[in-house]
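Colleague: One structure, as structure tokens, below. Some questions next.
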Amino acid sequence: MADLSIENAGLVIVDKDAGMTSHDVVSRCRKLFDTRRVGHAGTLDPMATGVLVVGVERATKLLGLLSLTTKSYTATIRLGAATDTDDREGQEISRADATHLTDPEITAGVAALTGDIQQVPAKVSAIKVDGRRAHSLARTGAEFDLAARPVTVSRFAIREVRHIDGDAAGGYVDLDVEVDCSAGTYIRSLARDLGAGLGVGGHLTSLRRTEVGPFTLDHARSLATLADGPQLSLTIDEAVKLSFPHRSIDDDEAESISQGRWLDPVGRKEIYVVIDPAGQAIALVQENGRRASSVMVVRPATLR
């Protein structure tokens with residue numbers, strides 16, 4: 001893992017504990033790294049664990065530029081009960097025996113929720129309704145509907161099926177699953193819709209994010225580990241080289257772009273990082289007409 005460098009700027013990939021909000025993690029990191037300049041990308045629910053991307057110092061400017069469009073999770077779905085939050089933290093609103101479900105029926109239900117689908121987010125999501133967060137409205141008891149949105153579930157794989165004894169209302173089926181999906185996909189909504197499609201109800205009982213964009217659990221460390229020695233997972237230089245396409249430039253071009261001037265374009269549409277002959281990331285650049293201008297200077301002239 002990387003040492004602190006370039007003004008202590010970089011990313012901390014936190015393996016978030018259950019029961020904490022993303023803001024809780026930011027607050028802890030502010031204390032651990034002794035700076036107010038800390039932010040996060042890609043909110044993770046309190047119930048969930050796993051990968052949360054945190055920016056420190058100048059790397060907070062990087063968070064809004066990261067392309068975190070793909071995410072991966074491991075999760076457990078319980079079939080046989082639905083809750084008002086679509087996860088274990090909510091109140092049960094229906095029960096049905098699920099033990100009659102066959103493996104082919106469950107597999108078909110999962111297949112129907114794989115690919116490009118329309119998904120209605122959970123009412124406890126952070127989506128805004130008339131200027132207010134849906135989860136805030138839900139707590140007031142207000143009645144409202146959320147529109148379905150297009151999402152992509154590129155992989156929805158069942159790893160284990162367990163039949164659980166229940167009570168007089170019947171038993172459950174627990175599914176351990178792995179999901180690769182686009183940003184904006186709600187795994188709790190997959191659990192809800194799978195249960196509804198099978199006619200028994202369903203909700204999420206555990207969720208762990210294993211990847212977001214290029215960042216994985218291999219980069220991550222717990223807050224307990226960080227408390228023993230606060231250290232970046234990736235310096236800002238390493239983070240941009242991992243996250244963006246590269247363009248090599250010479251020393252004169254590096255000096256120019258680091259001082260806020262521009263480069264000649266090379267016909268690329270996406271944001272990319274320009275790398276000097278020493279292998280240092282100098283700036284994130286986007287082309288517009290006859291100019292390739294920096295959207296963020298990674299290594300200003302004063303640090304070169």
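Table: residues versus (1) acidic (Asp, Glu); (2) within 23 Å of Arg58 (Cα to Cα); (3) modelled with pLDDT under 95.
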| residue | (1), (2), (3) |
| --- | --- |
| Leu242 | no, yes, no |
| Asp250 | yes, no, no |
| Glu253 | yes, yes, no |
| Gln259 | no, yes, yes |
| Trp262 | no, yes, yes |
| Ile271 | no, yes, no |
| Val274 | no, yes, no |
| Leu284 | no, yes, no |
| Gly289 | no, no, yes |
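Colleague: Another question, if that's okay. Among Ser233, Ser294, Ser243, which is surrounded by 19 or more Cβ atoms within 10 Å (Cβ to Cβ), farther than 30 Å from Arg28 by Cα and either touching a Gly at 6+ places or on another chain (Cβ under 8 Å) or touching a residue at least 60 places away in the same chain (Cβ under 8 Å) (or both)?
Modeller: Values: Ser233 fails: farther than 30 Å from Arg28 by Cα; Ser243 fails: farther than 30 Å from Arg28 by Cα.
Testing whether each residue is surrounded by 19 or more Cβ atoms within 10 Å (Cβ to Cβ), farther than 30 Å from Arg28 by Cα and either touching a Gly at 6+ places or on another chain (Cβ under 8 Å) or touching a residue at least 60 places away in the same chain (Cβ under 8 Å) (or both) leaves just Ser294.
Colleague: Any residue at all in segment 76-94 that's under 17 Å from the mean Cα position of the chain (by Cα), buried (at least 22 other Cβ atoms within 10 Å of the Cβ) and in contact (Cβ under 8 Å) with a residue 40 or more places away in the chain?
Modeller: In the first step, residues of segment 76-94 are kept if they are under 17 Å from the mean Cα position of the chain (by Cα); the result is none.
Looking for residues that are under 17 Å from the mean Cα position of the chain (by Cα), buried (at least 22 other Cβ atoms within 10 Å of the Cβ) and in contact (Cβ under 8 Å) with a residue 40 or more places away in the chain, one finds none in segment 76-94, hence no.
Colleague: Ok, one more. For Ala48, are the conditions met, namely being in the same structural domain as Gly199 (by TED's automatic domain parsing) and small (Gly, Ala, Ser)? Explain how you work it out, then say what you get.
Modeller: On the way: in the same structural domain as Gly199 (by TED's automatic domain parsing): no; small (Gly, Ala, Ser): yes.
No; evaluated as a whole, the condition is false for this residue.
Colleague: Counting only residues that are out of contact with any Ser or Thr (no Cβ under 9 Å at 6 or more places or on another chain) and either in the same structural domain as Lys61 (by TED's automatic domain parsing) or not basic (Lys, Arg) (or both), how many does segment 250-280 have?
Modeller: 16
Colleague: Sticking with this structure for a sec: Taking the condition of being surrounded by 13 or more Cβ atoms within 10 Å (Cβ to Cβ), out of contact with any Phe, Trp or Tyr (no Cβ under 8 Å at 6 or more places or on another chain) and without any contact (Cβ under 8 Å) to a residue 40 or more places away in the chain, how many residues in segment 246-270 meet it?
Modeller: The total comes to 6.
Colleague: Additional query: Does segment 34-87 hold any residues that are farther than 23 Å from Pro300 by Cβ and among the hydroxyl-bearing types (Ser, Thr, Tyr), and which are they?
Modeller: Passing the criteria: Thr43, Thr49, Ser67, Thr69, Thr70, Ser72, Tyr73, Thr74, Thr76, Thr83, Thr85.
Colleague: Suppose we keep only residues that are more than 24 Å from Asp24 (Cβ to Cβ) and not small (Gly, Ala, Ser) within segment 40-75. Which one would you say is farthest from the chain's Cα centre (by Cα)?
Modeller: In this case the residue turns out to be Leu65.
Colleague: Sticking with this structure for a sec: Based on this model, can you work out whether Ala98 counts as surrounded by 18 or more Cβ atoms within 10 Å (Cβ to Cβ) and either closer than 28 Å to Leu175 by Cα or acidic (Asp, Glu) (or both)?
Modeller: yes
Colleague: Those residues that are closer than 17 Å to Ala111 by Cβ, of a type in the set (A, V, I, L, M, F, W, C) and surrounded by fewer than 19 Cβ atoms within 10 Å (Cβ to Cβ), I need them from segment 155-211; list them, please.
Modeller: Result: Ala157, Ile158, Val161, Ala196.
Colleague: For Thr74, work out the one condition from (1) closer than 17 Å to Arg221 by Cα; (2) at pLDDT 95 or above; (3) in contact with a Lys or Arg (Cβ under 6 Å, 6 or more places away or on another chain) it doesn't fulfil.
Modeller: (1)
Colleague: Separate question: Restricting attention to segment 133-154, and to residues there that are surrounded by 14 or more Cβ atoms within 10 Å (Cβ to Cβ) and farther than 17 Å from Asp84 by Cβ, which single residue is modelled with the lowest pLDDT?
Modeller: Among those residues, the one meeting the criterion is Arg149.
The values are calculated or read from the model by the stated rules, or taken from the named source; none is laboratory data. All values derive from a computational prediction rather than experimental measurement. A quick note on method: Cβ atoms are made from the backbone with ideal geometry, for glycine too, and the neighbour counts reach across all protein chains shown.
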